[in-house]
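Before any comments, here is the structure.
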Amino acid sequence: MSKSKNIFEERIEEKKRIHEELLNKEKKNLEDMIKSEKYNIDTMLTKSGIGNVYHDLLDSKDQMNSEFQSKYNRTYHSINVELYKINKKIDNTSRMVNYKYNDKKDKIFKKVISEIM
């Protein structure tokens, strides 16, 4: 009985081993198939009916980003132009104040020197 029991257990073990080998082989085949280009999300979307809709959405998103960037650049440029104008006015006013100050200083200096001499 023990010999027949050992044969029975050996057969069960062999069937388990064969089952595990086949299971692992099929699992690997399935993983390889899923990783293939055929099942890539972009490929599947392109082949499906929603592929064009998906790409249209991406295109419209890119267009919106482009329009936003364009408006941002124009606004940034106009702010820079206004700041440049303000800086020019400040610079001109500062030069005028310095000129008037130096002119008065020179006049007072000349007047003091002429009175002293």
Report yes if some residue within the range 96-113 is part of a helix (DSSP H, G or I) and exposed (fewer than 10 other Cβ atoms within 10 Å of the Cβ); otherwise report no.
-> yes
Sort through 14, 37, 21 and tell me the only one that's open to solvent by 90 Å² or more (accessible area, probe 1.4 Å) and in contact with a Ser or Thr (Cβ under 8 Å, 6 or more places away or on another chain).
-> 37
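The values are calculated or read from the model by the stated rules, or taken from the named source; none is laboratory data. Computed from a prediction, not measured in an experiment: that's the story for all the values here. Cβ coordinates were reconstructed from backbone atoms using ideal geometry, including for glycine residues, and neighbour counts include every protein chain displayed. Areas reflect the complete protein model, heavy atoms only, side chains present, ligands, DNA and RNA absent. Shrake-Rupley method; radii C 1.70, N 1.55, O 1.52, S 1.80 Å.
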